[in-house]
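The values are calculated or read from the model by the stated rules, or taken from the named source; none is laboratory data. Nothing here was measured: the structure is a model prediction, and the numbers come from that model. Because the Cβ atoms are built from the backbone with ideal geometry, glycine has one as well, and the counts that use them run over all protein chains shown.
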Amino acid sequence: MKLIECKNITKVYKNEVETWALRGVSFSVNEGEFVAIIGPSGSGKSTLMHILGCLDTPSSGQYFFEGKEVSKLSEDELVEIRKKKVGFVFQMYNLLPRATVFKNVELPLIYEGLSKKEREEKVKSALRAAAFPEDFWFHLSNQLSGGMQQRVAIARALVNNPKLILADEPTGNLDSKTGDAVLETLIELNKKGHTLIIVTHELYVAQYAKRIIALRDGHIVEDAPREKAKSLKLIKE
């Protein structure tokens, strides 16, 4: 079943000059897929991720999420998608430094009207799914290593059990060993049914995915299973 579908998506930024970030991008992703969107800097990767996560809108074309055209949804409906259907994992973690690990993961639940017990159970489940050690649950996030902070970010993305996890350069600030551990965590989540899209310019990250969508200058230049993808050579390690 299709979870997301893009039809001829363009994105143009208009300042003193027009800058085309995306030029007629079309593809779909089924539920449960693991896709890497790759390409060099300036290829349109991050712009596409923001559109997929309902953080931005295309200049033209159509984007469907669960069969609904996103441009026709109200702001309240878009907020609901971002809160409950999409989990975001960013390169910079975006954690509150003076809040505990537990509180950082709990934050998306605060305005959901859940009881304290319900929130606690969801947070515990998310932290365990992200393979975050229980001994550190009540440490401040700024006391943690980069790899542990990224696991907190993954747990926060999971806490509402989203259908789609969008990870933007999730290993960008990590050494290769720690990055591998984080990627293994994401792979396990995909095996449990979460649709996973990783946006990256790093070859070793893309090679974990089952499908590669390669962008260059705002165009899709290849969309293929990993083992057949030729566009990995576009990536500079």
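Tabulated data for the structure shown
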| item | result |
| --- | --- |
| From Asn15, Asn8, residue being modelled with pLDDT of 95 or more and not β-branched (Val, Ile, Thr) | Asn8 |
| Residues being of a type in the set (A, V, I, L, M, F, W, C) and within 16 Å of the chain's Cα centre (by Cα) - total across segment 89-104 | 4 |
| Single residue of Ser28, Ser43 found to be at pLDDT 90 or above, in contact with an Asp or Glu (Cβ under 8 Å, 6 or more places away or on another chain), of a type in the set (Ser, Thr, Tyr) and closer than 30 Å to Lys192 by Cβ | Ser28 |
| Elements of type helices (runs of 4 or more DSSP H) contained in segment 128-237, each with 1 or more residues being within 15 Å of the chain's Cα centre (by Cα), closer than 30 Å to Pro108 by Cα and among the polar types (S, T, N, Q) | 146-158, 176-191 |
| From Ala155, Ala130, residue being aliphatic (A, V, I, L, M), crowded, with 21+ Cβ neighbours inside 10 Å and in contact with a Lys or Arg (Cβ under 6 Å, 6 or more places away or on another chain) | Ala130 |
| Selected residue [in a strand (DSSP E or B), surrounded by 13 or more Cβ atoms within 10 Å (Cβ to Cβ), aliphatic (A, V, I, L, M) and under 19 Å from the mean Cα position of the chain (by Cα)] from Leu78, Leu22, Leu55 | Leu22 |
| Test: residue in segment 82-104 that is more than 19 Å from Asp217 (Cα to Cα), among the polar types (S, T, N, Q) and free of Cβ contacts under 8 Å to residues at least 24 places away in the same chain | no |
| Sole exception among (1) closer than 21 Å to Leu3 by Cβ; (2) at pLDDT below 90; (3) buried (at least 21 other Cβ atoms within 10 Å of the Cβ) for Tyr93, by number | (1) |
| Positions within segment 194-235 being in contact with a Gly (Cβ under 7 Å, 6 or more places away or on another chain) and among the hydroxyl-bearing types (Ser, Thr, Tyr), in sequence order | Thr195 |
